[in-house]
Structure formats: structure tokens, C-alpha cells
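Step one of this worksheet: look at the structure below.
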Amino acid sequence: MHSLKQINEAFEYINSRINIHPTIGLILGSGLGNLADDILNPTIIRYQEIPYFAQTHAIGHANELVIGELNGKFVIAMKGRFHYYEGYTLDEVTFPVRVMKAIGVKQLIITNACGAVNTNYKPGELMIINDHLNLVGNNPLIGKNDNLLGTRFPDLSNVYDIKLRKLALDIALKLNIPIQQGVYAWWSGPTYETPAEIKMIRTLGADAVGMSTVPEAIIATHAKIKVLGISCLTNMASGILAQPLSHDEVIEVANQVKHQFKHFIKAIIDQMD
Ligand code: HPA
């Protein structure tokens, strides 16, 4: 586990580079990072410069924090995130959320690309995450708990903030953006699921499946940061269609919807406190 001292070291470095106080955090998923390009007066900090930050090697992910102004709000955006399947510990995967907390982030928008498990969904649609299933059998809070960071046994009955979900839904309807609301299942990857696994995941109550988001959402909840989770459904999950899954398809669909996605997230930020 990273210590409070290490979190503060990373915070101090970032803070020395900026003179604003961002309160909204953004984690940008596969192919969705270009939202950060719209941030005004940006300070761009490469992950390799920040103490204890990892580097992601996943395709479609840069390795930069972008801090500045978006729709009148001060934001800190992760352009590229760390995945469990890259071999990082969940502590490494979620360290940036701890640092965001130290910076003063109160609300965190977590985005991802994922597969549609619910057969009524279509690739290219967006989904507001209502709840999640942790199917990985690991938890980022396993280990010694520092009570200064959060409670030992956090309540997860409201991980995805109800007010933020309602705001996102209202905005999607107003902007005519095809939107779903559902349960996101976290799968470790890097393999996509088998058709049998997707059948199981659907039976267990999930509407979408992906390889990220849940660790960050758990740590944010531990840190009392409000979370909004937005998924981009890039493909039908394994076994639903005859074709095999590919990362190229995921990136291609994420690319197709990135303008709409950007428009949507900016409209949400515009209306956030
Ligand atoms: N499964 C898991 N992760 C994903 C998928 C999927 O079908 N699509 C994009 N990320």
C-alpha cells in the first residue's frame, strides 16, 4: 500500500506545477482520451514525472495528466489509466485516485470502453453505470487500512452517485444521446470472456463487462469522492454475434462515438456543482 506520505509527495509535485484547485476528476478510457484536448489553459504532466505513478502500455492510452478548465470548471484528467491486466497491483492502479483526493477532487467521472452483455444494447451506445459486480476476486482495499484515508469496511450501496446519474440521464435525453443505464461487471482480462462466461455474467445481473473502473470506483468511495461512471459500449460481448472480438474494433467504435461522448461529458461538467 502506498502511504499517506507517498500520496502527499505526488500531490506536492503536481501542486507545484499548477495554480488552480481542480475539484472534478476525469479518468478517460480506451480511445476516449481526446476529451482532454478540449481542456483550456492546460498543464500537462507526464506520469513518468510524478512520484510513484505507473505507466500504462495499453494501446489507445496516453500517459498524461491534463489539468485546466473545462466548461467553466477546474478539472484534472487522466489521459490513460492503469489496468490490472498490465500487471500492476490494484494499489498502483488506484494511486492516482488517492492523489486526486489530496488535490481536492470531490467528484470523479470514470469512463471506459466495454462490451454489451445485455442483448438489447447496441455498440456505440453509452451506459450510465448504476452499480457494479466485482468478478475479479481481488479488492484494492485489501491490506492495512489507514483510517486517515477512509474507513476499514466501506459501504458500497451508493458507489455511483444517484444525483450525478440523474444529471447524466437528463442531459443525455436532452441532447438526444442514445443512453442505457446498467450494471458493469469487472473482468480482469486481458482475455475477452468466453461465451459461457458472458452467459454467466448476464445471469448474475450485469449489462456490460469490462476490464477497468471498479478498482478506481472503490477507492473513490473509500475516499468519499462522488463517482459518475460512463461506459462506451464498443461491441456486443463474446458469443452474442458470430464474429470474434478484437481490440481494433473496440478502438474503432470508441473513435466513432468520441465526439458525442465529449459533447455529453462536457455538458455534464457544465451542470455539475
Ligand atoms: N469485454 C471486456 N472488456 C471489454 C470488452 C469486452 O467485450 N469490450 C471492451 N472492453
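Of all residues in the range 184-234, those satisfying the criterion of being of a type in the set (Ser, Thr, Tyr) and either in contact with an Asp or Glu (Cβ under 6 Å, 6 or more places away or on another chain) or more than 21 Å from Leu164 (Cβ to Cβ) (or both) are Ser188, Thr191, Tyr192, Thr194, Thr203, Thr234.
Across the range 11-39, which residue is farthest from the chain's Cα centre (by Cα) among those that are surrounded by fewer than 21 Cβ atoms within 10 Å (Cβ to Cβ) and within 25 Å of Ser212 (Cβ to Cβ)? Looking at residues that are surrounded by fewer than 21 Cβ atoms within 10 Å (Cβ to Cβ) and within 25 Å of Ser212 (Cβ to Cβ), I get Tyr13. Apart from one condition, Asn255 fits all of (1) in a helix (DSSP H, G or I); (2) in contact with a helix residue (DSSP H, G or I) (Cβ under 8 Å, 6 or more places away or on another chain); the exception is (2).
In summary, Gly115 fulfils each of the numbered conditions (1) of a type outside the set (Ser, Thr, Tyr); (2) over 25 Å from Leu156 (Cα atoms); (3) surrounded by 17 or more Cβ atoms within 10 Å (Cβ to Cβ) with the single exception of condition (2). Scanning the range 12-37 for residues that are touching a residue at least 60 places away in the same chain (Cβ under 8 Å) and either touching a Pro at 6+ places or on another chain (Cβ under 7 Å) or at positive phi (or both) turns up just one, Gly31. Taken over the range 168-207, the criterion of being of a type in the set (Lys, Arg) and away from the ligand (no atom under 15 Å from the Cβ) is satisfied by Lys174 alone.
Just for the range 146-194: of the residues that are more than 20 Å from the chain's Cα centre (by Cα), of a type in the set (D, E, K, R) and outside any loop (DSSP other than H, G, I, E, B), which one is surrounded by the most Cβ atoms within 10 Å (Cβ to Cβ)? This residue is Asp170. Among the criteria (1) modelled with pLDDT of 95 or more; (2) touching a strand residue (DSSP E or B) at 6+ places or on another chain (Cβ under 6 Å); (3) among the small types (Gly, Ala, Ser); (4) not in a loop (DSSP other than H, G, I, E, B), the one Ala267 does not fulfil is (2). Among the residues making up the range 104-136, those that are over 14 Å from the mean Cα position of the chain (by Cα), within 16 Å of the ligand (Cβ to nearest atom) and within 22 Å of Val93 (Cβ to Cβ) are Gly115, Leu133, Asn134, Leu135, Val136. What residue, among those in the range 217-252 that are assigned to a helix (DSSP H, G or I), of a type outside the set (A, V, I, L, M, F, W, C) and within 16 Å of the ligand (Cβ to nearest atom), is nearest to Leu141 (Cα to Cα)? Only one residue tops the list, namely His247.
The values are calculated or read from the model by the stated rules, or taken from the named source; none is laboratory data. Since we're looking at a predicted model, the values are computed, not measured. For neighbour counting, all protein chains shown are included, and Cβ atoms are generated from backbone atoms with ideal geometry for every residue, glycine included.
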